[in-house]
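Working notes, beginning with the structure itself.
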Ligand code: NAP
């Protein structure tokens, strides 16, 4: 088993994820895994970084596929005995003018952004070594979506005692409510992406709390963040930040020094903690 440190970035064949891998290759003192659901797109991205003189490694990972997540988990366990840095970056968003029925958008978006991200956490968090860093890429949109929720839902999502099961049930209820056409009546905002990112932010708060309770001595720091509005296939060419600029906050959180005991369980934007 290797003693080398290891970092993994999900959905890193393009966009912000690729920029995070580039920065980690330059700054992280260990192996950096670029992952992609499609090996062809992943290898092409690895080749691109190699041409820049960097040495990323590759592993297939489709976060929608539990077998794929478990294959990566077993690989990391066997080769490294765990992992040091996990960046949950993979995500999807329907375009504003997409005519796919809202209930379908809700199901598909929540499946990847919330449920699949949670599956990655369930499988990989137990592997994170002492002083490990976990970064869940959420969005400022989770704030506006939270403000669009009923007072009752806002209270639940801001609660310091909400459990992971309760959060999962709420996310599943949103999808069911869209299918019944009652999501607005039930207090939800009209944004599937926004609700999925509420899920990512609240999940991060819960996971940080669990780390405090169960692994306090391990000094693991776990946070949610917003990369900003970034020029990628998701956000388009009018966005204000380059992918490299978008990678800055996730990379800052991934490389928090071992002497740091904060931020933890926070939502961080422009390297600054924002009140949830
Ligand atoms: P992007 O250019 O569309 O890249 C998304 C990445 O996620 C791609 O590599 C994509 O792979 C991957 N992905 C999607 N579904 C996956 C799955 N099931 N398994 C594995 N990988 C999967 O988007 P981006 O702008 O870089 O977004 C990265 C993250 O930042 C997302 O979580 C997004 O919500 C968040 N974010 C972005 C912005 C922004 O302004 N761009 C703002 C706030 C938050 P494929 O190439 O195979 O599709």
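No value in this document is a laboratory result; all are computed from the given coordinates. All values derive from a computational prediction rather than experimental measurement. Neighbour counts run over all protein chains shown; Cβ positions are idealised from the backbone, glycine included.
Quick check: the angle from helix 192-214's long axis to the longest principal axis of the chain, C-alpha only, nearest 10 degrees?
With rounding to tens, the tilt is 60 degrees.
What is the Cα coordinate range of segment 101-259 on the first, second and third principal axes, sorted by size from largest, in whole angstrom?
49, 40, 26
Relative contact order for segment 1-126: what is it in percent, counting Cα pairs under 8 Å that are at least 6 residues apart? Please report the intermediate quantities before stating the final value.
On the way: 195 pairs, mean separation 35.3, N = 126.
After rounding, I find 28 percent.
Compute the long axis of helix 243-254 from its Cα atoms, compare it with the longest principal axis of the Cα atoms of the chain, and write down the angle in degrees, 0 to 90, nearest 10.
On a 0 to 90 degree scale, this one is about 80.
Quick one: if you stick a label point 7 Å off each Cα along the C-beta vector at residue 154 and residue 260, how many nm between them?
Taking the two extended label points, one gets 3.0 nm.
At q = 0.11, 0.12, 0.14 Å⁻¹, work out log10 I(q)/I(0) for the chain with the Debye formula, treating every Cα as an identical point scatterer and leaving solvent out; two decimals please.
-0.58, -0.70, -0.96
How much mean residue ellipticity at 222 nm does the chain get from its helices, if each DSSP H run of length 4 or more adds -39500 (n - 2.57) and you divide by all residues, to the nearest 500 deg cm²/dmol?
-14000 deg cm²/dmol
Relative contact order (percent) for the chain, with alpha-carbon contacts under 8 angstrom and 6 or more residues of separation?
About 20 percent, as a whole number.
Report the full-extension gain for the segment residue 165 to residue 38: residue separation times 0.36 nm, less the Cα-Cα distance, to one decimal in nm.
Working: separation 127, 0.36 × 127 = 45.72 nm, distance 3.09 nm.
Once the chain is fully extended between residue 165 and residue 38, it gains 42.6 nm.
Ratio of segment 107-151's C-alpha Rg to 2.2 N^0.38 Å, to two decimals? Mind dumping the intermediate values first?
On the way: Rg = 13.7 Å, N = 45, 2.2 N^0.38 = 9.3 Å.
Working it through for segment 107-151, the quotient is 1.47.
Which angle from 0 to 90°, rounded to the nearest 10, does the C-alpha axis of helix 15-27 make with the longest principal axis of the chain?
Value to nearest ten degrees: 30.
In whole Å, how far is the Cα centre of segment 145-221 from that of segment 1-54?
For segment 145-221 versus segment 1-54, the Cα centre distance is 30 Å.
Remind me, relative contact order of segment 217-273 in percent, using alpha carbon pairs under 8 angstrom and six or more residues apart?
Averaging sequence separation for qualifying contacts and normalising by length gives 47 percent for segment 217-273.
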